[in-house]
Amino acid sequence: MTKRVFLHIGLPKTGTTYLQDGIWAQVPTLRERGLLIPGRHRRRHLLASFEVREDPSLAQRPGDVTRPWGELVDEILGSDLDALISHEFFSAAASAQVQRVVDDLAGREVHVVITARDLVEIGLSMWQESVKNGGSRALEDFPAPDSHKPTAVWGWAGIDLADVLTRWGAVVAPERIHVLPMRAGDRPEALWRRYLDVLGVDSAGLTPADRPANQSLGLVEVELLRRINPALGDFKGSYARGTWIRGYLAHGGVLPPSGERFTASADKLADFRRRGEAAVEMLATGAYDVRGELAWLTPEPAGVERRRPEDVTDAELVQASTHLVAGLLADVRRLSGENKALAKQLEANPTPEAPAPRWRLPRR
């Protein structure tokens, strides 16, 4: 029987991190049940998505960036198991790049897995995520109008389900494209079970990783961060952005956690809805394997009036900035104290084995 290769290509902000955590926490058990998770570590799947999409920024990323996609392919073709590759940045690949993926996996039956939710929520969440990763584009201008190229992982190429289906469906037969709609309010475990079912893995005893969901910023905080980002000219690399802008400023506890949800203008919401409806129409009339209800991809009517980023007042930004400065100063004082204590230890015990003072990322 021909072995299968499942490519879980996103979409972003559809529980992908949750599913990847669960998969990577149980690699040996999954292998015992017939599913190979190739790669030295999960980051190789991220890097493989860069190689497949021919993203020139791969060379600037830290660590070993040598043929990550080729490594995964070699391991898969050297195995007699089904295999799974998962990263949401694969979704932006052009049809020619998808063809290369299928050609490289010749002899294997390629399947595509797409987790999906309504495009309004994806669009709002992705704008916030782009800001947490150093972006400064306003919500009304997000994504950029020309963001359909394979390197635009924060653009339409990565989040427009109809566009993703068109590009990947040009190469992979629709009956091998499995779409898992997400229902608002569902427990994550329901998505986990449907996901394993698509992969053909017995879910008995396989529990998803116990990890909190990705944190969201409130309206004022994300707008403040968006305005700070242009001044962070020295934080352009992926490591610097991920560690300091996303890891520390966004999620380090120095921004006030208001949690206020937000919306976009009527025109922007209409654009998101129009694109989402096009995807639902494709799924309803095509031969795709849909595991869930298409109605789950339709935005629910807003029960509470939400504000937009441009509604944030200067007074609110000043108040949030005050909170931010106070948090930064507290961390500087604590870290300075820790390093002074280490310096005294070195003076008292000047041995080669003594640890050198070092800075660490504050976690509140």
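Name every residue in the range 39-65 that is of a type in the set (Asp, Glu), touching a residue at least 24 places away in the same chain (Cβ under 8 Å) and open to solvent by 60 Å² or more (accessible area, probe 1.4 Å), in order of residue number. Even if it seems obvious, please write down each step before you answer.
Here is the first cut: in the range 39-65, the ones of a type in the set (Asp, Glu) are 51, 54-55, 64.
With the extra rule that they be touching a residue at least 24 places away in the same chain (Cβ under 8 Å), the set shrinks to 54-55.
Once the filter is applied, which keeps residues that are of a type in the set (Asp, Glu), touching a residue at least 24 places away in the same chain (Cβ under 8 Å) and open to solvent by 60 Å² or more (accessible area, probe 1.4 Å), the range 39-65 yields only 54.
Within the range 72-117, being open to solvent by 20 Å² or more (accessible area, probe 1.4 Å), touching a Phe, Trp or Tyr at 6+ places or on another chain (Cβ under 9 Å) and part of a loop (DSSP other than H, G, I, E, B) holds for one residue alone: 117. Looking only at residues of the range 191-211 that are without any contact (Cβ under 8 Å) to a residue 60 or more places away in the chain and assigned to a loop (DSSP other than H, G, I, E, B), we find that the one that is most open to solvent (accessible area, probe 1.4 Å) is 210.
Among the criteria (1) modelled with pLDDT of 95 or more; (2) open to solvent by 70 Å² or more (accessible area, probe 1.4 Å); (3) in a loop (DSSP other than H, G, I, E, B), the one residue 171 does not fulfil is (2).
May I ask you to verify whether residue 341 is touching a residue at least 60 places away in the same chain (Cβ under 8 Å), among the aliphatic types (A, V, I, L, M) and open to solvent by less than 70 Å² (accessible area, probe 1.4 Å)? No.
Filtering the range 179-190 to residues that are surrounded by fewer than 19 Cβ atoms within 10 Å (Cβ to Cβ) and either in a strand (DSSP E or B) or of a type in the set (Asp, Glu) (or both) leaves 186, 189.
The values are calculated or read from the model by the stated rules, or taken from the named source; none is laboratory data. Here the structure is a predicted model, which is why all the values come from computation and not from measurement. Using ideal geometry, Cβ is built from the backbone for each residue, glycine included, and neighbour counts are taken over all protein chains shown. The accessibility values were calculated without ligands, DNA or RNA, using every heavy atom of the protein model including side chains. Shrake-Rupley method; radii C 1.70, N 1.55, O 1.52, S 1.80 Å.
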